[in-house]
Amino acid sequence: MATVLFKDRVFGDYLTDTFQFFRERKKHFFGLFFKFAFPAILLALVLIFGYSYEYNSFMFSNNILVNKPNIIDASSMLILRIVGYLFGVFLLSIFIFSFPIIYFKIYERNPDELFGMPEVWAEWKLRWKRIVSFYLISIVTLFPLMGILIGLNILLIFILIGLPLLMVTIPMMILLFYQIMLMYVCEEYTFSTSFGEGIQVVKRQFWPLVGATLIMMIVQYMVQMIFSIIPMLYGFFKLFTSLKDGSQEGMEAVAMSTTISTMLSMLASFFVFNIIYTQQLLMHYSYRESTESKSTYEALDELGKTDA
């Protein structure tokens, strides 16, 4: 049975319906995701390896202590390369994380059909310009605003209320960001209209939506930690062992293990983030149901077809 998209949901539904969707469609969803995103994921991992290995090798190198006159020049070049690596990962991530939107737009039209890559690429061609333009606009609008809000929350930590606020602010910002994006990309509103609609989505069920988003973020964090903790533990074990021996092997082991840990964590995020994105899409469809009563019209339409 196909997961119902247009449905009024409460807090628990945003969790159970998300996992129910993947119980029903995981093989089809991730099969298409792998075909769609594999080259981009591979290239992103190469860039992550380059950035992480260079940064960690620099940080755990004796050059920081021994060659002090050259540190400024070396660090300047390192920063430029890291910015290049991260910008490349950012562009590839836009492509990788666009898949749930593409999948659900096709699923919305054909919930019982096991569509293939031709449909995915056709939908991508229709949506990619709005996806890219949204991120470009967000660079000068949403991202600075989110940075300011997080900064204020960090400052408030010193008066003991910042930490609880962060647990609300961060999921709220993620929720608002994706709801604005879905209005802009899926409904093809202007950015200002999408911003207003995104706020309305959040206001309609503030605590259920923020709470469900927070729980899914915790799930994502735990999965990433599971993948990344083993190489980190190995690296620090080698570090403590080498400190007793006076060798530099431990420093190299920490640099490499941190690099591997970063890559595994990012690889896990590429897959787990689909679950968060799916939850956000279900929130989007629930809001549309509350404003458009789509399921009622579809039921009346089916009834009309049956009578005919």
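The values are calculated or read from the model by the stated rules, or taken from the named source; none is laboratory data. Given the structure is predicted, the values throughout are model-derived calculations rather than measurements. Quick reminder, even Gly has a Cβ in these numbers, built from the backbone with ideal geometry, and neighbours come from all protein chains shown. In case anyone asks, the SASA skips ligands and DNA or RNA and just uses the protein heavy atoms, side chains included. Shrake-Rupley method; radii C 1.70, N 1.55, O 1.52, S 1.80 Å.
Summary table
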{"quantity": "Residue in the stretch 70-78 that is within 30 Å of SER257 (Cβ to Cβ), modelled with pLDDT under 75 and crowded, with 16+ Cβ neighbours inside 10 Å present", "calculated": "yes"}
{"quantity": "Candidates ALA268, ALA212, ALA255 - the one that is modelled with pLDDT of 90 or more and part of a helix (DSSP H, G or I)", "calculated": "ALA212"}
{"quantity": "Boolean, PRO171 is in contact (Cβ under 8 Å) with a residue 40 or more places away in the chain and not in a helix (DSSP H, G or I)", "calculated": "no"}
{"quantity": "Scan of the stretch 97-129 for residues that are surrounded by fewer than 15 Cβ atoms within 10 Å (Cβ to Cβ), basic (Lys, Arg) and either modelled with pLDDT of 95 or more or closer than 28 Å to MET266 by Cβ (or both), ordered by number", "calculated": "LYS125, LYS129"}
{"quantity": "Count of residues meeting criterion [outside any helix (DSSP H, G or I) and not acidic (Asp, Glu)] in the stretch 5-31", "calculated": "5"}
{"quantity": "Residue within the stretch 213-221 that is over 16 Å from the mean Cα position of the chain (by Cα) and among the aliphatic types (A, V, I, L, M) present", "calculated": "no"}
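Results for (1) open to solvent by less than 40 Å² (accessible area, probe 1.4 Å); (2) under 25 Å from ILE102 (Cβ atoms), shown as yes or no for each residue.
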site: LEU145; (1), (2): no, no
site: MET181; (1), (2): yes, yes
site: THR193; (1), (2): no, yes
site: ARG204; (1), (2): no, no
site: ILE229; (1), (2): no, no
